[in-house]
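The values are calculated or read from the model by the stated rules, or taken from the named source; none is laboratory data. Just so it is clear, the structure is predicted and the values come from calculations on it, not from any experiment. FYI the Cβ positions are ideal-geometry reconstructions off the backbone, even for glycines, and counts take in every protein chain you see. Note: areas computed on protein heavy atoms with side chains; ligands, DNA, RNA excluded. Shrake-Rupley method; radii C 1.70, N 1.55, O 1.52, S 1.80 Å.
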Amino acid sequence: MQALREQDFKALVDNHPRAIMLATPDARIAYVNLMFQAVTGYLAEEVVGQKPSVLSSGLHSHEFYQTMWRSLNQTGCWEGLIWNRRKNGENYPQWLNIYPVDYQGQRLFAGVFMDVGELTASNERLASLAYYDPLTELPNRSLFQEFLKARVGQRKAGNGCFAVVYIDLDFFKAVNDLHGHDCGDRVLQQAAACVKSVLRDGDVVARLSGDEFAAIVELEDESELPVVCQRMSGIFQAPMLVEHREHFLSASVGAAVFPKHGETASALLQNADRAMHAAKLSVRMVATRASCQPF
């Protein structure tokens, strides 16, 4: 009977759609399922008995892990965004839940996670996480804030700098008012594709709400930022064709650079938002072209 229970347990965990890792209280990996191997690239025999830090990206600060363990000690669980490293050396973001489980009289910690950086994932994952915008399939505000908190927490010396870029579509309300929300949704989908086309693979872009987008843009030097803003504004100079009609928009773009314009995620996003509103005032005065305003 015991063997049957073990077999059922293994079948359940191995075929679970999320990656699962079981670890002992002294931080040793005891078990991983098939999805863990698919996501991380590690075979079970390569990680069982190792410390979970074998997956560490090295991007998080010591304070980040202190906060994690404080939560585990005080509440018994932790949930959040963490950057880990695959076997091939690639860093990727995962949404991780850690909680205790009892198995065969032994207390273990289960880490259940999915790769949230792969935006071409299944609709099931997008719906279940509730951290993606269903219209554009971009991260939503909640997930973007987690990405930003993680990026701020990296604080790697000599790793260049990064900026938060805030994008607001001007005149979008007129599209909804004149042509309806279905047309507006298709315009937003095209706008999301335009924003993504300006950024590089390592950058993160999200739809915050309505016609507002934001991005975390990696920079070698702060002097690169005006070029990024200009490209972001310029991409909206061409009309968008939806339902055989041309729709003309412009984009107000604001930016804040870490750590010059803020050392926390909330400060960076707030200052980028303020810069965007300054740009929007410029658009109202010169409505014939898009405007970019650095913080």
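Here is how the numbers come out for the structure above:
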{"item": "Residue check for Ser71: more than 18 Å from Asn97 (Cβ to Cβ) and assigned to a helix (DSSP H, G or I)", "result": "no"}
{"item": "So Pro25, is it within 22 Å of Gly117 (Cβ to Cβ), exposed (fewer than 14 other Cβ atoms within 10 Å of the Cβ) and touching a residue at least 60 places away in the same chain (Cβ under 8 Å)", "result": "no"}
{"item": "Search result, residues across region 36-47 that are in contact (Cβ under 8 Å) with a residue 24 or more places away in the chain, surrounded by fewer than 17 Cβ atoms within 10 Å (Cβ to Cβ) and under 22 Å from the mean Cα position of the chain (by Cα)", "result": "Gly41"}
{"item": "Residues satisfying the stated conditions in region 71-88, i.e. more than 19 Å from the chain's Cα centre (by Cα) and either open to solvent by 40 Å² or more (accessible area, probe 1.4 Å) or touching a residue at least 24 places away in the same chain (Cβ under 8 Å) (or both)", "result": "Leu72, Asn73, Gln74, Thr75, Gly76, Cys77, Lys87, Asn88"}
{"item": "The one condition in (1) assigned to a helix (DSSP H, G or I); (2) modelled with pLDDT of 85 or more; (3) among the small types (Gly, Ala, Ser) that Gly80 fails to fulfil", "result": "(1)"}
{"item": "Residue ID - surrounded by the most Cβ atoms within 10 Å (Cβ to Cβ), chosen from residues in region 48-62 that are assigned to a helix (DSSP H, G or I) and modelled with pLDDT of 90 or more", "result": "Leu55"}
{"item": "Residue in region 169-183 that is at pLDDT 90 or above, open to solvent by 40 Å² or more (accessible area, probe 1.4 Å) and not hydroxyl-bearing (Ser, Thr, Tyr) present", "result": "no"}
{"item": "Condition check for Ser233: at pLDDT 80 or above, touching an Asp or Glu at 6+ places or on another chain (Cβ under 6 Å) and of a type outside the set (D, E, K, R)", "result": "no"}
{"item": "Any pair with Cβ under 7 angstrom, 6 or more apart, that starts in region 124-139 at a residue that is more than 14 Å from Asp185 (Cα to Cα) and ends at one that is at pLDDT below 55 and outside any strand (DSSP E or B)", "result": "Tyr132/Leu126"}
{"item": "Members of region 23-47 found to be touching an Asp or Glu at 6+ places or on another chain (Cβ under 9 Å) and part of a loop (DSSP other than H, G, I, E, B), listed by number", "result": "Asn33, Gly41"}
{"item": "All positions within region 1-22 that are assigned to a loop (DSSP other than H, G, I, E, B) and at pLDDT 85 or above", "result": "Arg18"}
{"item": "Residues satisfying the stated conditions in region 96-154, i.e. at pLDDT 75 or above, in a loop (DSSP other than H, G, I, E, B) and under 24 Å from Phe64 (Cα atoms)", "result": "Val116, Tyr131, Asn140"}
{"item": "Residues satisfying the stated conditions in region 214-235, i.e. closer than 25 Å to Glu137 by Cβ and surrounded by fewer than 21 Cβ atoms within 10 Å (Cβ to Cβ)", "result": "Glu218, Arg231, Gly234, Ile235"}
{"item": "Residue, surrounded by the fewest Cβ atoms within 10 Å (Cβ to Cβ), within region 188-208, restricted to residues that are hydrophobic (A, V, I, L, M, F, W, C) and assigned to a helix (DSSP H, G or I)", "result": "Ala193"}
